[in-house]
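Enquirer: Can you read through this structure? Questions will come right after.
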Amino acid sequence: MKSIVSAKKKKERQYGVIWGNPNSSVARREYAPGQHGQRRKKPTDYGEQLHAKQKLKTYYGNVSEKQFRKYYAEAIRRSGDAAENLIGILESRLDNLVYKSKFVPTIFASRQFVNHGHVLVNGKKVNIPSYMVKVGDVIEVREKSKQMPMVVAAVESSVHDIPGYLEVDTKKLTSKYTFVPKFDDVPYASVMEPNLVIEFYSR
């Protein structure tokens, strides 16, 4: 657990506040993570695109490069704005929606929570964090998992609000995915730039 906290602080220094903790002291430091962190330099266009990609991947729980490329390919395949499509795909991940429903305290805890079989989708157990939830699907914490201290604490937490595309029953611990959000619907704690991510992969 200590190593996970340390890793999160390192990411906060590298990318700024991305999980809704505006009072984080490490996020306000001007130097990069590491023992010999230096003052930040103005990045090149490529550097800005790479930074945007890594920041977005981190926000969604360190999505693998292989999966991220797959999401990019799907985003440009769909009609409409590719950057908006990418956000919609990332937001539809089961681990993200479990976290956004406030059933667990962090996106990283959500991945483990789903992996360990604590979550149902439309009444059936799903243990794949990257599972794509569809509009109208209902996510639920399994009955035997509802009294876990981590779950109880997360539901009562005020660190982040439940977004408008989820209808959450905090007593039953169910969450209905009502629509695929656009970029402006997602309550990011810091600036995300999916357009730069699309540019990165389009190079």
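The values are calculated or read from the model by the stated rules, or taken from the named source; none is laboratory data. Model, not experiment: these values are computed from the prediction. Backbone-built Cβ (ideal geometry, glycine too); neighbour counts: all protein chains shown. The protein model used for the area step is the full one, side chains on, heavy atoms only, and it has no ligands, DNA or RNA in it. Shrake-Rupley method; radii C 1.70, N 1.55, O 1.52, S 1.80 Å.
Enquirer: Within segment 95-106, identify whether any single residue is acidic (Asp, Glu) and farther than 14 Å from Tyr177 by Cα, and answer yes or no.
Expert: no
Enquirer: Right, here's the next one. Please state which one of Asp161, Asp184 is assigned to a helix (DSSP H, G or I) and surrounded by fewer than 16 Cβ atoms within 10 Å (Cβ to Cβ).
Expert: Asp184
Enquirer: Considering only segment 164-180, state which residues are in a loop (DSSP other than H, G, I, E, B) and crowded, with 16+ Cβ neighbours inside 10 Å.
Expert: Scanning segment 164-180 gives Tyr165, Leu173, Val180.
Enquirer: Only one of (1) open to solvent by 50 Å² or more (accessible area, probe 1.4 Å); (2) more than 19 Å from Pro187 (Cα to Cα) fails for Gln54. Which number is that?
Expert: Going through (1) open to solvent by 50 Å² or more (accessible area, probe 1.4 Å); (2) more than 19 Å from Pro187 (Cα to Cα) one by one, Gln54 breaks only (2).
Enquirer: Now, a different point. Can you tell me which of (1) open to solvent by 60 Å² or more (accessible area, probe 1.4 Å); (2) within 16 Å of Asp95 (Cβ to Cβ) is the one Val151 doesn't meet?
Expert: The number of the failed condition is (1).
Enquirer: Given the criteria in contact with a strand residue (DSSP E or B) (Cβ under 7 Å, 6 or more places away or on another chain), buried (at least 18 other Cβ atoms within 10 Å of the Cβ) and closer than 24 Å to Ala83 by Cα, does Ser130 qualify? Break it down stepwise before answering.
Expert: Values: in contact with a strand residue (DSSP E or B) (Cβ under 7 Å, 6 or more places away or on another chain): yes; buried (at least 18 other Cβ atoms within 10 Å of the Cβ): yes; closer than 24 Å to Ala83 by Cα: yes.
Taking the combined requirement at face value, the residue satisfies it.
Enquirer: Mind checking which residues of segment 60-78 are open to solvent by 10 Å² or more (accessible area, probe 1.4 Å) and assigned to a helix (DSSP H, G or I)?
Expert: Within segment 60-78, Glu65, Lys66, Gln67, Arg69, Lys70, Tyr71, Tyr72, Ala73, Glu74, Ile76, Arg77 meet the criteria.
Enquirer: Which residue pairs have Cβ atoms under 6 Å apart, sit 6 or more places apart or on different chains, and have a first residue in segment 152-175 that is under 15 Å from Val119 (Cα atoms) and a second that is of a type in the set (Ser, Thr, Tyr) and in a strand (DSSP E or B)?
Expert: Val168/Ser175
Enquirer: Going through Lys102, Lys57 one at a time, which residue ends up being in a helix (DSSP H, G or I) and among the basic types (Lys, Arg)?
Expert: Lys57
Enquirer: Does Glu143 qualify as being open to solvent by 60 Å² or more (accessible area, probe 1.4 Å), under 14 Å from Ala83 (Cα atoms) and acidic (Asp, Glu)?
Expert: For Glu143, the condition - open to solvent by 60 Å² or more (accessible area, probe 1.4 Å), under 14 Å from Ala83 (Cα atoms) and acidic (Asp, Glu) - is not met.
Enquirer: Please work out which residue is surrounded by the most Cβ atoms within 10 Å (Cβ to Cβ), limiting yourself to segment 98-127 and to residues that are more than 10 Å from the chain's Cα centre (by Cα) and aromatic (Phe, Trp, Tyr).
Expert: If we take residues in segment 98-127 being more than 10 Å from the chain's Cα centre (by Cα) and aromatic (Phe, Trp, Tyr), then Phe103 is surrounded by the most Cβ atoms within 10 Å (Cβ to Cβ).
Enquirer: Considering only segment 94-112, state which residues are out of contact with any Pro (no Cβ under 7 Å at 6 or more places or on another chain) and over 13 Å from Ser175 (Cβ atoms).
Expert: Pro105, Thr106, Ile107, Phe108, Ala109, Gln112
Enquirer: Please find, among Asp95, Asp45, Asp137, Asp81, the residue that is buried (at least 22 other Cβ atoms within 10 Å of the Cβ) and acidic (Asp, Glu).
Expert: Within the list Asp95, Asp45, Asp137, Asp81, the selection yields Asp95.
Enquirer: Spot the failing condition for Glu199; the list is (1) assigned to a loop (DSSP other than H, G, I, E, B); (2) touching a residue at least 40 places away in the same chain (Cβ under 8 Å), and only one is missed.
Expert: (1)
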